[in-house]
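A.B. asks: Below are the structure tokens for one structure; questions will follow.
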Amino acid sequence: MEDREIIDLLWARVETAVSALADKYGRLVYQLSRNIVGSDEDASECVNDTWLGVWDSIPPHKPEILRAYVCRIGRNVSLKRCRSNTAAKRNTAYDVALEELENSLSGLTLEEIWSARELGRAIDRFLDTLDRQTRVIFVRRYWFADSVKEIAALTGMSENNISVRLSRTRGRLRRYLEKEGVEL
Amino acid sequence: MKQEFLEETLQEISDRHIAEAAKLGMSPAEEVFIGDAAAPGDIYRPEKQTKKTDKKKNGRRSKCSWKPIIALATAAAVVAVIVFGGGDWWNVGRTPGESPVLRAHAVSEAVYPEMSPYPMGNFIKPNGEFDHESYEVVNNAWRQDRKEQRNQPEGYTEGADQFAAVTIPHFLRGAGTGNVIYSPLNVYMALAMAAEITDGETRAQLLALLGAEDIDALRWKAPAIWNAHYHRDGATSTVLASSLWLDERILYKEETVKNLAENYYASTYQGDMQTTEMGDALRAWLNQQTGGLLEDSIRNVKFSPETVLALASTVYLREKWSDEFSEKATKTDIFHAPTGDVECDFMYRQLDQNYYWADKFGGTFKTLKNGDCMWFILPDEGVSVDEVLGDSQLTEFLAAEEKWENSKRVVIYFHLPKFDISSDLDLKEGLTELGITELFISGKADFTPLSDDLPFAYVGEVSHAARVAVDEEGVTAAAYTEMPAPGAAPPPDEEIEFKLDRPFIFAITGHDGLPLFVGVVNQP
């Protein structure tokens, strides 16, 4: 079903909209959530919470890109669940990915120069300078927290290839932010 | 940096980037690596998917299918196929049972310069007078652009001229009774790209043949040559196009790909070489760059299962005679081909210009609209084409052209058979004889500037297809507006009949004297 039709169903409060969402984006949101929360059970619950979040927010919202909207809700729901499970020791795919990105930017004193929002926008601008394949790999790794192995499987490329590309892109990001920081 | 800070940062990634990444792994129709526009100013552009050649439009090649030719239409292509050479390439980086999926996409696309249009159209005022003012505006803009394209650093042709002199006889000799065409400029650009992606002795051999002292010299000469010959003004067109085709499992070095785009105007495409779609994409690219002229030859361009990358380079030239032939003057006559006499149409025009001669041949030229020139060399009676090709005077003559000492201004009764010839050459053997050996040997060919993944890769074949067709000025000539030219030179006092009615050699040279195409016509 087209995204536009799903949004129409949501606005019309037709419950089949939820099954349409699950059909189309269930696997994607589950994977994203699993990467963040680290357990199948939690991920399944997060997926259901995501559909609820979408149902509750459309209307009044009418997202331009439903796919991104659903992913955002799924990611936020999953992060929220993680934070509530403070007792559990976290070492999920998400943590590993974030740490990888963090390490590549260490020593840049980014927090002193930028607010999180400003830095985020700078990274978003950086993404525009990349070729599409590299950009997708980067976003899958650090926003979706997919493992290198998963990205390799999705793209049909070798794990080594993905790792090296990511490493180069992190290097480019660092140089980009250094330059942007100087120009601030 | 705190994790929360970074987490918050990532919330700012825009929806379009998330949506783009989310498409990965979804249905094939939404395949992520094909389609959509790139960010403005980004030198890396995603592929504008190449359409498959429209057969109806281009037609299968036949002498009647694409008339009118409009004076001169030529195209050549070099395709060098590089194979893995290190065992079972098919399974490298692939999990068992996995089938290949097409992901042909451009990782880098060359951007060509814009040119002002040629002054075409109606410059006649309502009162019937020629509108000099309007014409001058359009004409000046066109001339200025052309001048800028041609204004290249001094000495840029050095090396390339030597390359042409050495390779022309080498590749044209031994045509037997058939026709043969060779484009020195096309092969020069292809080998220059090969030098860019290789290193060590492999590169040294290429540089030696290309007449470049080092890679830096090549990097300033190649773009100068490219620009000096680039011409696309809506009326005539000369474009040297190049591209690199990489298997998606190759981890390429971005610097080299950038170099290819900047210095050689080469686009780079990456995808799964095992798929038929990747071969289709290359063939479509070749057809597009050569105006469909080489469709028959391009049909045979295929990747073997071991292919990991391919270099493709083309020259496409479509021009008009500066003085057209009159169709009314065209007459059927006999051409003495090596296999026997054949009838063909001879175009005719009286020329008032220099005639040149050497010990074994005579020659003259016909100028083309954009300042390029087509030279015709006729071996003396009883002298074969191969004898002339083996004579050092030929290369000296091609280098000297109008500066050739033995010349005289005469009236030339010029008879040129209409021809449409094509040839396919395998350059591998010839290049080996010219000292390019490492490139063709697994374990010796050094592709490290391009990728570290290719220790055993080598060039498996280098094919060179070309086609040249000439006729009178076609019907579109009517669309041209001629600027009335005042005055005329005094008439010469001698006359000569120059009839190309037996095997002859032709050369199409640029304004700088570099030969774009040379060929032997045995069968017009």
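Please treat every number below as a calculation from the coordinates, not as lab data. Treat the numbers as computed from the prediction; the structure is a model and nothing was measured. Every residue, glycine as well, gets a Cβ built from its backbone with ideal geometry; the counts of neighbours run over all protein chains shown.
A.B. asks: Taking just the alpha carbons, could you work out the radius of gyration and Dmax for the protein assembly as shown, both in angstroms?
C.D. replies: Values for the protein assembly as shown (Cα only, Rg and Dmax): 31.0, 107 Å.
A.B. asks: Using a 10 Å cut-off around each Cβ, can you sort A:Ser57, B:Ser108, B:Ser407 from fewest to most neighbouring Cβ atoms?
C.D. replies: Sorted ascending by nearby Cβ count, the order is A:Ser57, B:Ser407, B:Ser108.
A.B. asks: Rank-order A:33-42, B:338-347 by packing density, defined as the average count of other C-beta atoms within 10 Å over each peptide's residues, highest first.
C.D. replies: Ranking the peptides A:33-42, B:338-347 by packing returns A:33-42, B:338-347.
A.B. asks: Now, a different point. Explain nothing, just compute: Karplus ³J(HN,Hα) = 6.51 cos²θ - 1.76 cosθ + 1.60, θ = phi - 60°, for every residue of region B:202-211 in order, whole Hz, x for Gly and Pro.
C.D. replies: Values per residue, Gly and Pro as x: 4, 5, 4, 5, 5, 4, 4, 5, 7, x Hz.
A.B. asks: If you don't mind, there's one more thing I want to ask. Under the definition of partner shielding as Cβ atoms of other protein chains within 10 Å of a residue Cβ, what is the mean value for peptide A:20-30?
C.D. replies: 1
A.B. asks: Let me ask something additional. Looking at the square roots a ≥ b ≥ c of the eigenvalues of the Cα gyration tensor of region B:147-208, which shape do they give, rounded for a/c under 1.5, prolate if a/b is larger than b/c, or oblate?
C.D. replies: It comes out oblate by the Cα gyration axes.
A.B. asks: Also: In the protein assembly as shown, with Lys and Arg counted as +1 and Asp and Glu as -1 at Cβ, which of these residues, B:Pro126, B:Leu294, A:Gly120, has the Cα nearest the positive end of the dipole, that is, farthest along it?
C.D. replies: Looking along the dipole axis, the top candidate is A:Gly120.
A.B. asks: Then there's this: Can you list the trypsin sites (Lys or Arg not before Pro) in region B:290-382 that are in a DSSP coil and have 15 or fewer other beta carbons within 10 angstrom?
C.D. replies: When the trypsin sites (Lys or Arg not before Pro) of region B:290-382 are filtered for loop state and at most 15 Cβ neighbours within 10 Å, B:Arg299, B:Lys302 remain.
A.B. asks: Just tell me how shielded A:119-131 is by partners: mean number of partner chain Cβ atoms within 10 Å of each residue's Cβ, no decimals.
C.D. replies: 6
A.B. asks: Same structure again: Using Cα-Cα distances under 8 Å and only pairs 6 or more residues apart, what relative contact order does region A:93-183 have, in percent?
C.D. replies: 39 percent
A.B. asks: Moving to a separate point now. Counting only other chains, and only Cβ atoms inside 10 Å, what mean value do you get across the residues of A:59-70?
C.D. replies: 3
A.B. asks: Taking H placed 1.01 Å from N in the peptide plane, check which residues at least 5 places from B:Val180 or on another chain put their amide H under 5 Å from its amide H.
C.D. replies: For B:Val180, whose amide H was placed from the backbone, the distant partners under 5 Å are B:Val520, B:Asn522.
A.B. asks: Among B:435-442, A:8-15, how do they line up from the highest to the lowest mean number of other beta-carbon atoms within 10 Å?
C.D. replies: Going by the mean number of other Cβ atoms within 10 Å, highest first, we get B:435-442, A:8-15.
A.B. asks: Check which residues have an amide H placed less than 5 Å from B:Glu461's amide H, if you skip close sequence neighbours.
C.D. replies: B:Val81
A.B. asks: A further question on this structure: From the phi of every residue in region B:136-146, what ³J(HN,Hα) in whole Hz does the Karplus formula 6.51 cos²θ - 1.76 cosθ + 1.60 yield, where θ is phi - 60° and glycine or proline is x?
C.D. replies: 4, 4, 5, 5, 5, 4, 5, 5, 4, 5, 5
A.B. asks: I'd like the FRET efficiency for A:Asp124 and A:Arg13, computed as 1/(1 + (r/R0)^6) with the beta carbon distance as r and R0 of 60 Å, rounded to 0.05.
C.D. replies: 0.95
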